[in-house]
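Report on the structure given below.
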Amino acid sequence: KPRDLLRRFPHLAQVAKVGLHSTMAVQLISRDRVIGTLVFRLKAKNAYRDQELRLAERIGDQIAGAIANAQLYAQLKQAEESLRKSEEAYKAFASQSKILSDIGRIISSTFRIDQVYEQFAEEVKKLIPFDRLTISLNDLEQEIVKVAYVSGRNMESIRSGDVIPLRGTLNELMIQSRSGLVKNPESI
């Protein structure tokens, strides 16, 4: 009954609205699994009979294996791409790990840490690009910041060895938030 069909398959109402009155569908079977459906539609009413159904089934049998193989091929390509990306990520991670290890070795190689800051900056630049790098140390008792090291673009206002008030600095913000910060303003 048409109403029962529409209740069970509401999308058929859309098909009828565009003027397609006859529908024939066959299973696409590969390795004893229904992998899809081949659907034929025609404007004419009552257009399909058993003869067309048998022919459609034969067509479905013909194409199901090829479609299944194409799906497997696509899945294989997707798996290969995922593997390639994983391998690239692993190589990047290994490279980063080596540089991080080198940074740790450089920094811990002496108690006179100021002697290795330049070497440290060279290694860091391999991981994170910068035009200026600053290491500044907090003195909470005196509420000051000591600029321990500066590399890169010169700023007259802050140089290595300078001592500045803690209030209003990024150091104060880092103390309060205890988290990192990224700011990319378009203009100041």
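For the pair Leu133 and Tyr73, label points projected 7 Å from Cα toward Cβ lie 5.0 nm apart. For the pair Ser86 and Arg31, label points projected 7 Å from Cα toward Cβ lie 2.0 nm apart. Among (1) 1.10; (2) 1.25; (3) 1.41, only one was calculated for this model; which label is it, if the read-out is Rg/Rh (Cα atoms, Kirkwood Rh)? Of the labelled values, this structure produces (3). The angle between the Cα long axis of helix 117-127 and the main principal axis of the chain comes to about 10°, on a 0 to 90 degree scale.
For the chain, what is the accessible area per residue in Å² when the probe is 1.4 Å?
Numbers: 15160 Å² over 188 residues.
About 81 Å² of surface per residue is accessible.
Note on the chain: with a GNM built from Cα contacts shorter than 10 Å, the maximum mean-square fluctuation among Gly161, Gly19, Gly36 falls on Gly19. Sites listed here are trypsin sites (Lys or Arg not before Pro) in the stretch 93-188 whose DSSP assignment is loop and whose Cβ has at most 16 other Cβ atoms within 10 Å: Arg112, Arg153, Arg159, Arg167, Arg178, Lys183. A Gaussian network model of the chain, with springs between Cα atoms under 10 Å, assigns the largest mean-square fluctuation among Asp61, Asp32, Asp139 to Asp32. Charge tally around Leu72: other residues with Cβ under 14 Å, Lys/Arg +1 each, Asp/Glu -1 each, net +2. Taking every protein chain into account, the 1.4 Å probe leaves Glu118 with about 100 Å² of accessible area, to the nearest ten.
The values are calculated or read from the model by the stated rules, or taken from the named source; none is laboratory data. As the structure is a prediction and not an experimental result, all values here were calculated from the model. Glycine gets a Cβ as well: all are built from the backbone with ideal geometry, and neighbour counts include every protein chain shown. All accessible areas refer to the heavy atoms of the entire protein, side chains included, with ligands and DNA or RNA removed. Shrake-Rupley method; radii C 1.70, N 1.55, O 1.52, S 1.80 Å.
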